[in-house]
1. For region 113-123, does any single residue satisfy the condition of being of a type in the set (A, V, I, L, M), modelled with pLDDT of 95 or more, crowded, with 19+ Cβ neighbours inside 10 Å and within 29 Å of the chain's Cα centre (by Cα)?
2. Within region 186-224, track down each residue that is in contact with a Phe, Trp or Tyr (Cβ under 8 Å, 6 or more places away or on another chain) and over 28 Å from residue 157 (Cβ atoms).
3. Of 151, 169, which residue is over 12 Å from residue 96 (Cα atoms) and surrounded by 18 or more Cβ atoms within 10 Å (Cβ to Cβ)?
4. Which one of 30, 55, 41 is among the aliphatic types (A, V, I, L, M), at pLDDT 95 or above and in contact with a Lys or Arg (Cβ under 8 Å, 6 or more places away or on another chain)?
5. Mind checking which residues of region 239-273 are out of contact with any Gly (no Cβ under 8 Å at 6 or more places or on another chain) and within 18 Å of residue 321 (Cα to Cα)?
6. If you take the residues of region 262-287 that are in a strand (DSSP E or B) and of a type in the set (Ser, Thr, Tyr), which of them is farthest from residue 301 (Cα to Cα)?
7. From the residues in region 35-48 that are surrounded by fewer than 20 Cβ atoms within 10 Å (Cβ to Cβ) and touching a residue at least 24 places away in the same chain (Cβ under 8 Å), which one is farthest from residue 79 (Cα to Cα)?
8. Taking into account only those residues within region 17-32 that are free of Cβ contacts under 8 Å to residues at least 40 places away in the same chain and assigned to a strand (DSSP E or B), which is surrounded by the most Cβ atoms within 10 Å (Cβ to Cβ)?
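The values are calculated or read from the model by the stated rules, or taken from the named source; none is laboratory data. It should be emphasised that the depicted structure is a prediction, and the values quoted were computed from it without experimental measurement. Every residue, glycine among them, receives a Cβ derived from its backbone with ideal geometry; neighbour counts consider all protein chains shown.
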Amino acid sequence: MTPTPGAVAVELRALRRSFGSVVALDDLDLDIAPGELVALLGPSGCGKTTALRVLSGLEEADSGQVLVGGRDITHVPPNKRSMAMVFQSYSLFPHLTAAGNIDFALSLRRVDRARRRGIIDHHLDLVGLGSHHDRFPTELSGGQQQRVALARALASNPEVLLLDEPLSALDAQVRVQLRDEIRRIQLELGTTTLFVTHDQGEALAMADRVGVMRAGRLEQISAPRDLYERPVNEFVAQFIGSTNRIHGRVSAGHVRVLGEWLPVLPGSPTEGAGVALVRPERLSVTPAVHAADERGFEGTVRQVSFLGDHARVYVTLHDDTELQAFVHSRDTHGLGLGERVLVAVDKAPVLVTA
């Protein structure tokens with residue numbers, strides 16, 4: 001199910017929450033469309049978890065409103081909100097089986113006993129654990145326990161699913177597998193979802209839109225590609241991925257960088273000196289001996305970090321500018337330490353800071 005354009009399932013309106021002198025939410029506004037998965041991303045203490053807890057009812061805002069389906073639920077207790085949450089810790093009862101954990105949650109929702117077995121079977125099948133009904137948490141891996149927690153949350157058919165860093169306790173390979181599974185299930189069911197994470201890769205891979213928070217405010221909320229390619233400020237650009245800071249001069253809406261005139265993004269200065277924020281994959285690195293006729297600035301390879309399908313190549317230009325580029329692994333021949341190379345940049349728009 002794709003999100004419904006123009007419709008709103010969840011509205012956070014001017015939410016403010018302080019803990020003593022610390023402002024966790026600073027007049028936060030956020031809309032989530034029906035069926036949309038929105039990820040909140042940001043450094044520790046930025047307010048993303050507080051926003052999720054206020055939406056769930058586990059925290060009460062000092063001021064502002066929470067609306068779901070147009071209903072004001074600001075002061076509705078958590079157990080009266082049609083929501084379910086999956087936490088970083090699996091929060092399963094150790095004395096109950098996988099099926100028992102889901103059954104207990106359904107009993108709290110006053111679901112008729114005769115209907116529960118079918119709901120349990122369906123949701124364990126949905127998360128790929130159809131043969132694990134009778135396993136206790138100690139008999140399940142971390143990834144399997146989190147699948148049970150997800151099945152338990154979805155079994156109540158919530159209006160809104162809340163995910164509080166549900167993958168951070170898992171190892172890397174399982175994290176990627178479960179990340180893709182959660183997104184597949186969310187799309188299949190069309191459940192409106194708010195996902196909190198500190199992992200940029202998870203947010204970009206899973207969400208319809210990603211919101212980057214700082215000091216209780218949304219700096220930017222956009223589709224993943226727009227957020228990555230068109231950040232509104234330096235904080236977003238640097239938080240959402242690696243950047244090179246290259247000095248240049250802006251004139252007539254373009255900046256001169258590495259011998260090329262690049263169009264600048266909104267929010268950039270229109271004239272004068274500035275610093276262009278250039279993603280590593282926007283740079284190409286070619287052995288100088290093989291590129292006598294190519295354009296680019298000459299430099300020296302200082303380090304090559306092999307990362308599987310690509311490598312991160314660190315280059316120092318003659319003016320001591322330090323750059324990093326992502327290069328496909330098959331193109332790293334001749335890019336050894338100390339090698340002379342030419343660095344060039346593509347002509348896509350860039351953000352420039354003063």
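1. no
2. Once the filter is applied, which keeps residues that are in contact with a Phe, Trp or Tyr (Cβ under 8 Å, 6 or more places away or on another chain) and over 28 Å from residue 157 (Cβ atoms), region 186-224 yields 200, 204, 212, 214, 219.
3. Working: 169 fails: surrounded by 18 or more Cβ atoms within 10 Å (Cβ to Cβ).
Step by step, each of 151, 169 is checked, and only 151 is over 12 Å from residue 96 (Cα atoms) and surrounded by 18 or more Cβ atoms within 10 Å (Cβ to Cβ).
4. Working: 30 fails: in contact with a Lys or Arg (Cβ under 8 Å, 6 or more places away or on another chain); 55 fails: in contact with a Lys or Arg (Cβ under 8 Å, 6 or more places away or on another chain).
After applying the criteria, what remains is 41.
5. 242, 243, 244, 245, 246, 260
6. Residues of region 262-287 in a strand (DSSP E or B): 262-264, 272-278, 283-287.
Okay, now just the ones that are also of a type in the set (Ser, Thr, Tyr), so 284, 286.
On the way: 284: 13, 286: 10 Å.
Step by step, filter region 262-287, then rank; the result is 284.
7. Residues of region 35-48 surrounded by fewer than 20 Cβ atoms within 10 Å (Cβ to Cβ): 35, 43-45.
Filter again for touching a residue at least 24 places away in the same chain (Cβ under 8 Å), leaving 35, 43-44.
Numbers: 35: 22, 43: 29, 44: 28 Å.
Of everything passing the filter in region 35-48, 43 is farthest from residue 79 (Cα to Cα).
8. Filtering region 17-32 down to residues free of Cβ contacts under 8 Å to residues at least 40 places away in the same chain leaves 19-22, 31.
Now narrow it down to the ones that are assigned to a strand (DSSP E or B): 19, 22, 31.
Numbers: 19: 10, 22: 11, 31: 16.
If we take residues in region 17-32 being free of Cβ contacts under 8 Å to residues at least 40 places away in the same chain and assigned to a strand (DSSP E or B), then 31 is surrounded by the most Cβ atoms within 10 Å (Cβ to Cβ).
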